[in-house]
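The next block holds one structure in the form of structure tokens; read it before the comments.
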Amino acid sequence: MTRHFWVLVHRYAGLFMAFFLIVIGLTGSIIVFNPELYDWLDPQPKVEPRAAPILDAYTLRERAQALVPHGMVNVLSFHIKPGDPYVAGIEPRIDPASGKPYELDVSTLYLDPYTGALLKRDNYAGDIWPITRQNLMPLINRLHYQMALPGSIGSYLFGIVALVWTIDCVVSAYLTFPVGVRRRKAGEPSAPAKKQRNWLARWWNPAWLVKWNGSAYRVNFDLHRAGGLWVWIMLLALAWSSVGFNLNEEVYNPVMKAVFNMPDPYGSSLPKLDRPRADPALDWRTAHEAARKLMAEQAQHLGFKVEREDLLMYRSDQGVFLYVVRSDRDLLDEGASTTLLFDDMGKFLSVTLPTGQNAGSTIHTWIFALHMAQIWGLPFRIFVTCMGILIIMLSVTGVYIWLKKRKARRLSQERQLQQAAVSTS
């Protein structure tokens, strides 16, 4: 495993990833502003705030459920922002006659939270052609994580790219380290003794600096090397979290569990039922009471404080509830991720805190928050946009360096062939 071997690994990994990283960087710099762009291109109905109280979550869910008898509203949302409608996602029930899901003409309902009146029915099915104001942002998002390819092909492809990217982050950092002083061969004259700079000093210059007055090749090489070093931690976080998005069960979760014993916060590893149970054994009000009680017990046991409720979700394919609250262990600017899992009989299964409970969960929360630009407000969102542009720069300069070296190797080979031809003539 010589340094030359790792140079080859970095070179061909970079060539493999270059096009994909350019797409990822370009689209990623855009979708940082997803909420604003979605609202601009496909504005959702607005609700005029009024003095009347907002209907409780149970009533709003029941109103939505009544509008789609063959659908299921499996989320009870407790946090509604002023001016926003109540949003209810619809899942199809199973048709007992055919054993298949009903075909519905709606995927999302928007209700007035004060009256429960229907404001809008949406049936966006993920179509990306023809391009419209409604599907432009979904298209850009799908390009970002799966190249908008059908099925799971793109997700697995980008997952492989993310895995190679993660490994290459480590390799590329190693290649910036200063090469050790070459040992002199026997019989070589001794060089005058010079005071050697320490390792960090030799790494700092030239690895972290750009020689702007150098040749075009030197500037590109320095930008490629120093540009990656200055944001290396962020690049590694983006790469490994991308593995989590695209190869979650195949690679990310097994590695995080093996290395950090990270728990499964969302119960994805729980077995699925032979047949989805559309209606849980506990009604929603009873399930909510059970969730509150279980969360209060865990808060006292683990020493955290619940700040507000976010949602109660039922998974019909597993027969379990997820109760999500915002606690003092949450990291995100908005939203919540303190998660309690219990079955539809009210039996406690697990609780996962975003930070402070387990090293794996804390790392997971941090890298995903960094990837999604969900912390530190607008300045960090702008930084993540710049990261997308920097990723494009690293990809372009990497290809440029390869082309220049490839040209130099060809010229060297041609000169050697010419010299060999002259010497034999």
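The numbers here are math on the coordinates, done by the rules we state, and not lab data. Note that the structure is predicted; figures quoted are calculated from it, not measured. Don't worry about glycine lacking a Cβ; one is built from the backbone with ideal geometry, like all the others, and counts go over all protein chains shown.
Odds and ends about this structure:
- Ellipticity at 222 nm from helices only: DSSP H runs of n ≥ 4 in the chain, each -39500 (n - 2.57), divided by the residue count, give -16500 deg cm²/dmol.
- Linear extension gain, LEU378 paired with ASP105, 0.36 nm per residue minus alpha-carbon span: 94.5 nm
- Taking the number of Cβ atoms within 10 Å of each Cβ as an exposure proxy, the fewest-first ranking of THR132, THR115 is THR132, THR115.
- Taking the fewest neighbouring Cβ atoms within 10 Å as the starting point, the ordered list for ILE90, ILE363 is ILE363, ILE90.
- 10 Å Cβ shell holding at most 14 others, DSSP loop, trypsin sites (Lys or Arg not before Pro): longest site-free stretch of the chain: 51-132
- Exposure proxy ranking for GLU309, GLU103, based on other Cβ atoms within 10 angstrom of each Cβ and starting from the fewest, stands as GLU103, GLU309.
- The string of couplings for region 68-81 from the Karplus curve (6.51, -1.76, 1.60, θ = phi - 60°) is 9, x, 8, x, 10, 9, 9, 10, 10, 8, 9, 10, 10, 6 Hz, one whole number per residue in order, with x for Gly and Pro.
- Shape category assigned to the chain from the gyration tensor of Cα positions, a/c cut at 1.5: prolate
- Cα gyration tensor, region 52-132 - rounded (a/c under 1.5), prolate or oblate: oblate
- Using the Cβ-Cβ distance between LEU26 and ASN213 with R0 = 45 Å, the FRET efficiency computed as 1/(1 + (r/R0)^6) comes to roughly 0.90.
- Prolate/oblate/rounded label for region 45-186 (Cα gyration tensor, a/c 1.5): prolate
- The H on the amide N of VAL320, modeled in the peptide plane, is under 5 Å from the matching H of ARG315, each at least 5 residues off or on a different chain.
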